[in-house]
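Engineer: Sharing a structure, written as structure tokens. Questions coming.
The values are calculated or read from the model by the stated rules, or taken from the named source; none is laboratory data. Note that the structure is a prediction, hence the values are computed from the model and not measured. FYI the Cβ positions are ideal-geometry reconstructions off the backbone, even for glycines, and counts take in every protein chain you see.
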Amino acid sequence: MAIFTAPEADLSRTKMYDVWDRHNLVRIDNLANPGDASAFACEELSVLSDRIVTARQHGRPVVFMYGAHVIKCGLSRFLIDFVKRGIVTHLASNGAGSIHDFELAYLGGTSEHVPTAIEDGSFGMWEQTGGWMNDAINAGHAQGYGYGRALAQAVEDNPARFPHRADCVFYQAYKHNVPATYHITIGTDIIHQHPRADFGTIGASSGRDFAAFVQSICGLDGGVYINMGSAVTGPEVFLKALSIARNQGNKVEAITTATFDLIDLGDYKSGISDKEPNYYYRPRKNVINRPVSLGGTGLYIRGNHAETLPALYNLLEGRL
């Protein structure tokens with residue numbers, strides 16, 4: 001009997017476009033700045049800020065996982081300042097988080113208008129972003145680097161290409177010896193559309209980043225894990241890393257976890273039936289509830305990132 005083999009599209013036929021002709025919705029000149037006012041306030045945010053201060057005063061880690069919209073909300077400088085001041089000890093994101101950061105660093109802008117670009121197949125088909133990022137990942141992999149370090153090394157080696165590197169999160173993390181790891185799902189990112197994408201290299205590089213992330217979670221006891229705006233990658237990667245950490249004999253119990261998002265979870269600390277839609281919302285189960293069953297606190301901060309992250313920053317100002 002013949003073995004069925006699924007037909008494959010020829011991805012090398014994909015047409016690329018010059019990014020310099022693109023209109024960008026987010027630009028370097030409209031990024032928010034640390035210290036900007038925010039009227040947002042809630043009890044959970046105050047608790048979280050206290051836990052962060054206590055953790056860092058005792059040398060415990062603060063791991064910050066974020067979705068790409070944190071960058072698209074213009075909040076790169078807040079993350080960078082957290083890194084520079086030693087508040088955040090590990091940054092992590094998904095592939096889109098790295099792409100928007102990379103584009104801001106070389107182009108000074110990011111975030112195209114998807115509804116119109118998807119109509120003619122031009123969405124994400126940018127030669128510079130896809131080509132340069134894949135080249136960086138491939139080169140870094142050959143040197144034994146993970147995904148985040150590979151991108152940072154490309155910026156370090158080509159400073160003229162990245163005039164806005166002072167506002168690049170992964171690069172500033174690299175310069176300040178803070179891990180910046182990226183956790184990739186194949187097929188989700190625009191650079192996977194580029195003909196030079198090597199999926200074996202992408203997977204292996206992200207795998208190295210996962211191992212680095214696990215190492216940080218192994219030492220999380222007494223520390224803080226923040227998941228800001230990542231509905232799938234952050235919760236899933238964290239839960240698996242936590243399981244590995246405990247499996248290998250590490251005590252990771254007295255932890256504070258927090259999710260920042262927009263969904264109304266109601267009484268998020270109570271039990272919930274699998275008949276309820278919110279039962280299947282990963283940040284609730286995999287960040288707020290399950291990880292703290294052995295001790296610790298799970299928190300939910302509901303609000304727009306453009307308000308909640310500056311509010312957290314202001315609560316920490318002068319304390320660390």
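Engineer: Is it true that some residue in segment 284-291 is touching a residue at least 24 places away in the same chain (Cβ under 8 Å), closer than 25 Å to D50 by Cβ, part of a loop (DSSP other than H, G, I, E, B) and out of contact with any strand residue (DSSP E or B) (no Cβ under 8 Å at 6 or more places or on another chain)?
Structural biologist: No, segment 284-291 contains no residue that is touching a residue at least 24 places away in the same chain (Cβ under 8 Å), closer than 25 Å to D50 by Cβ, part of a loop (DSSP other than H, G, I, E, B) and out of contact with any strand residue (DSSP E or B) (no Cβ under 8 Å at 6 or more places or on another chain).
Engineer: Where in segment 160-270 are there strands (runs of 3 or more DSSP E), lying fully within it, with 1 or more residues that are in contact with an Asp or Glu (Cβ under 7 Å, 6 or more places away or on another chain), in contact (Cβ under 8 Å) with a residue 40 or more places away in the chain and buried (at least 23 other Cβ atoms within 10 Å of the Cβ)?
Structural biologist: Counting at least 1 such residues, we get 180-183, 255-261.
Engineer: Are any residues in segment 271-283 of a type in the set (D, E) and either loosely packed, with under 10 Cβ neighbours inside 10 Å or in contact with a strand residue (DSSP E or B) (Cβ under 9 Å, 6 or more places away or on another chain) (or both), and if so, which ones?
Structural biologist: Matches in segment 271-283: D274 only.
Engineer: Would you tally the residues in segment 63-99 being closer than 15 Å to I226 by Cα and of a type in the set (V, I, T)?
Structural biologist: So the answer is 6.
Engineer: Between residues in segment 128-141 that are touching a residue at least 12 places away in the same chain (Cβ under 8 Å) and residues that are part of a helix (DSSP H, G or I) and of a type in the set (K, R), which pairs lie under 8 Å by C-beta distance while being six or more apart or on different chains?
Structural biologist: W132/R161; G140/R149
Engineer: Additional query: Checking N250 against (1) at pLDDT 95 or above; (2) within 18 Å of the chain's Cα centre (by Cα), which test does it fail?
Structural biologist: In the conditions (1) at pLDDT 95 or above; (2) within 18 Å of the chain's Cα centre (by Cα), N250 misses (2) alone.
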